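See below for the structure under consideration.
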Amino acid sequence: MTPAVNTPVATVKRRLTENLKRVRGTIEAACSRARRDPESVRIVAVTKYVDMDVLRQALDLGLQDLGESRAQQLSQRAGMIHEHIDRKNTLAGVKGKLAPRPRWHMVGHVQRNKIKLILPWTELVHSVDSLRLAEDLHQHGEKVGRVVDILLQVNTSGERSKFGVAVGAVPHLAEQFAQWPGIRLRGLMTMAPADAQPGELRLFFERLHDVFTDMRDEGLVGQQFTELSMGMSGDYETAIECGATMVRLGQALFDGMMTTPPEDDPPEAPE
Ligand SMILES: *Cc1c(COP(=O)(O)O)cnc(C)c1O
């Protein structure tokens, strides 16, 4: 893992292109083993370790789903990128091809006092891990006249994870969320512990997939409940084999371009 400061743009582009090609190959292979369509797996590029130049390159290469784990960084970056794109589109005029805006995903723990900051930008909050957070999101959504798409973060590994709600609490929470029109539960998310063994990983991901299918089979959730966000750089192949529809990738994409080493990214402290 080589942190790179001020890497020339051409080098960033070449490395990112290579990494992306490798990742897409890995996704295709995992899909083929699981008899799945590679189109059914979306890459969320987690950009928290890289600077803005690398992020822009990622957009240029067609990565349209970007994930951040901190509220402040997400809102700042989204603001900058959207301004940049709007300016480009204005210059291109009516005849030009309009650049699309990326979709921002909040993947880290959300402090309730940061909701206002992220809501204007965020397409999907992956990390809803309490009733109170969901209720606040619902209330803010209602206030600004939109429906906030969320995933419920589930703790599939018991004692070994601090984040996510217990598997047993999921159906009840989903029923509660359905009463709140300001939010829409789109699916489930989990994070495997960093030290999980390959066999355990499969267990955690299968556990989430089972809960997901049970909820659909029992009619606890509607048509919109389609997403399973699981799998990071170290474990996304297994997650895809277990049914992931979104993989959240940082290091696998940005290896050789990271300015912030992964160990400098502690989760935001609980309130
Ligand atoms: C940082 C982060 C990722 C990406 O991690 P990598 O191991 O670099 O792929 C995915 N999900 C969450 C919640 C994260 O905080």
### Query
When we measure straight from the Cα of LYS116, which lysines land under 19 angstrom away, once same-chain ones fewer than 8 places off are left out?
LYS143
### Summary
Whole-Å distance linking the alpha carbon centroid of the stretch 145-212 with that of the stretch 93-133 is 19
### Query
Pick from ARG248, ARG70, ARG56: which residue has the top mean-square fluctuation in a GNM of the chain where Cα pairs under 10 Å get a spring?
ARG56
#### Entry: Other-chain or far-sequence residues with amide H under 5 Å of VAL148's (modelled H)
ILE183, ARG184
### Query
Counting only Cα, what are the radius of gyration and maximum Cα-Cα distance Dmax of the chain, in Å?
18.5, 57
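Between ARG216 and PHE163, what is the FRET efficiency for a Förster distance of 25 Å, r being their Cβ-Cβ separation, to the nearest 0.05? Intermediate values should be presented prior to the final figure.
On the way: r = 24 Å, r/R0 = 0.95.
Computed FRET efficiency for ARG216 and PHE163: 0.55.
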### Query
Among all the aspartates and glutamates, which ones have a C-alpha under 14 Å from LYS48's C-alpha, if same-chain residues fewer than 8 places away are not counted?
ASP65, GLU68, ASP255, GLU263, ASP264, ASP265, GLU268
### Summary
Phi angles of the stretch 7-12, converted by Karplus (6.51 cos²θ - 1.76 cosθ + 1.60, θ = phi - 60°) into ³J(HN,Hα) in whole Hz with x for Gly and Pro, give 5, x, 3, 5, 5, 4
### Query
What length, rounded to one decimal in nm, is gained on full extension from THR26 through to VAL144, with 0.36 nm per residue of separation minus their alpha-carbon distance?
38.4 nm
### Task
Rank ARG146, ARG87, ARG216 by mean-square fluctuation in a GNM of the chain with C-alpha springs under 10 angstrom and give only the top-ranked residue.
ARG87
### Local electrostatic count, CYS31, Cβ distance below 14 Å [Lys/Arg +1, Asp/Glu -1]
0
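With every protein chain left in place, what is the accessible area per residue of the chain in square angstrom, probe 1.4 Å?
Details: 13460 Å² over 271 residues.
Here the residues of the chain average 50 Å² of exposed surface.
Rounded, prolate or oblate, given the Cα gyration tensor of the stretch 57-152, with a/c below 1.5 counting as rounded? Walk me through the numbers on the way to the answer.
Working: a/c = 2.55, a/b = 1.97, b/c = 1.30.
In terms of gyration-tensor shape, prolate.
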### Query
Whose amide H sits under 5 Å from the amide H of VAL165, counting only residues 5 or more places off or on another chain, with H placed in the peptide plane?
GLN153, VAL154, ASN155
### Summary
Loop-resident GluC sites (Glu not before Pro) in the stretch 130-231 with no more than 11 other Cβ atoms inside 10 Å, DSSP not H/G/I/E/B, are GLU218
### Query
Where the only charges are on Cβ atoms (+1 Lys, Arg; -1 Asp, Glu), what is the dipole of the chain about its Cα centre, to the nearest 20 debye?
1120
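The values are calculated or read from the model by the stated rules, or taken from the named source; none is laboratory data. Remember, it's a predicted structure, so these values are computed and weren't measured experimentally. Every residue, glycine among them, receives a Cβ derived from its backbone with ideal geometry; neighbour counts consider all protein chains shown. Areas reflect the complete protein model, heavy atoms only, side chains present, ligands, DNA and RNA absent. Shrake-Rupley method; radii C 1.70, N 1.55, O 1.52, S 1.80 Å.
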